[in-house]
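The values are calculated or read from the model by the stated rules, or taken from the named source; none is laboratory data. None of these values were measured; they are calculated from a predicted model. All Cβ positions, glycine included, derive from the backbone under ideal geometry; neighbour counts span all protein chains shown. When the accessible area is computed, the model is the full protein with side chains, heavy atoms only, and any ligands, DNA or RNA have been set aside. Shrake-Rupley method; radii C 1.70, N 1.55, O 1.52, S 1.80 Å.
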Amino acid sequence: MGTAITPQLVDIVDTISSVRSYSSGTTRRLRICQEERWGLRVECPTPEDPFHDSEVTWLLPELNLRMTHQRPRSRHARVGPSVLTAARVSREGAMWRTTDLLLGLSSSAGAAARIVRSEEFAAAVAGRILRTGDADLALRTVHKTLEELSYYRHDLGAWLTGQHIFEVWPPY
């Protein structure tokens, strides 16, 4: 059974209207949409998800990363991993555009980060959905980030501090 090839996912966040538009054509109003010196912080409700109340995303354009964390509905639920996805992030005025490069890292507290979505990434490269430059950027970004995380013993908070981002991750 082969891996399904999905088209590149492009999200656009309008910071004036606080709306996130997905490549599928759907839109979602954001609870939080705040520009930071390091990028963009957004929180989006996930009413269709029975286990998660919202998705917190930080766009880090200088690092070519999108960090995502699912907030559980129950405060007693086990906290899931954070996902760091290689992405091309650009900004034009109030519009932030993120192109998912289909390769990332999953990081859970107390465990080593691991590469995720590698089969989807490989299928997208083979199917020419990802251009060569994007594939190279994804590989360099993920491997550089994994190496840097290992220097910080896979502690995302410590790694972010090393990147001069002093906010708490995942946010409360």
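Does the range 8-64 hold any residues that are among the polar types (S, T, N, Q) and more than 18 Å from H164 (Cβ to Cβ), and which are they?
Within the range 8-64, Q8, T15, S17, S18, S21, S23, S24, T26, T27, T46, S54, T57 qualify.
Search the range 121-132 for residues being open to solvent by less than 70 Å² (accessible area, probe 1.4 Å), in a helix (DSSP H, G or I) and of a type in the set (A, V, I, L, M), and hand back the single one that is nearest to D100 (Cα to Cα).
Residues of the range 121-132 open to solvent by less than 70 Å² (accessible area, probe 1.4 Å): 121-125, 127, 129-130.
Then keep just the ones that are in a helix (DSSP H, G or I); that gives 121-125.
Cutting the leftovers down to of a type in the set (A, V, I, L, M) gives us 122-125.
On the way: A122: 14, A123: 14, A124: 11, V125: 13 Å.
Restricting to residues being open to solvent by less than 70 Å² (accessible area, probe 1.4 Å), in a helix (DSSP H, G or I) and of a type in the set (A, V, I, L, M), the top hit is A124.
Taking the range 78-94 as the search range and keeping residues that are open to solvent by 40 Å² or more (accessible area, probe 1.4 Å) and outside any strand (DSSP E or B), which one is farthest from D53 (Cα to Cα)? Steps first, please.
Of the range 78-94, the ones open to solvent by 40 Å² or more (accessible area, probe 1.4 Å) are 78-79, 81, 83, 88, 90-93.
Right, trim to outside any strand (DSSP E or B) and you get 78-79, 81, 93.
Values: R78: 13, V79: 12, P81: 15, G93: 30 Å.
This residue is G93.
Can you tell me which residue in the range 152-165 is most open to solvent (accessible area, probe 1.4 Å), limited to those that are within 21 Å of V79 (Cα to Cα) and among the hydrophobic types (A, V, I, L, M, F, W, C)?
My answer is A158.
Cβ-Cβ distance below 6 Å, separation of 6 or more or different chains: which pairs start in the range 117-130 with a residue that is in contact (Cβ under 8 Å) with a residue 24 or more places away in the chain and end on one that is buried (at least 22 other Cβ atoms within 10 Å of the Cβ) and assigned to a loop (DSSP other than H, G, I, E, B)?
These pairs meet every condition: A124/L130.
When you go through R97, R28 one by one, which is the residue that is surrounded by 14 or more Cβ atoms within 10 Å (Cβ to Cβ), touching a residue at least 24 places away in the same chain (Cβ under 8 Å) and among the charged types (D, E, K, R)?
R97
It is to be established whether one or more residues within the range 133-151 are aliphatic (A, V, I, L, M), open to solvent by 20 Å² or more (accessible area, probe 1.4 Å) and part of a loop (DSSP other than H, G, I, E, B).
Taking every residue of the range 133-151 in turn, none turns out to be aliphatic (A, V, I, L, M), open to solvent by 20 Å² or more (accessible area, probe 1.4 Å) and part of a loop (DSSP other than H, G, I, E, B).
For the structure I just gave you, tell me whether P72 is surrounded by fewer than 20 Cβ atoms within 10 Å (Cβ to Cβ) and within 24 Å of L146 (Cα to Cα). Quick ask: steps written out before the conclusion?
On the way: surrounded by fewer than 20 Cβ atoms within 10 Å (Cβ to Cβ): yes; within 24 Å of L146 (Cα to Cα): no.
So P72 fails the test.
A138 fails exactly one of the following numbered conditions: (1) in contact with a helix residue (DSSP H, G or I) (Cβ under 9 Å, 6 or more places away or on another chain); (2) free of Cβ contacts under 8 Å to residues at least 40 places away in the same chain. What is the number of that condition?
So the condition that A138 fails would be (2).
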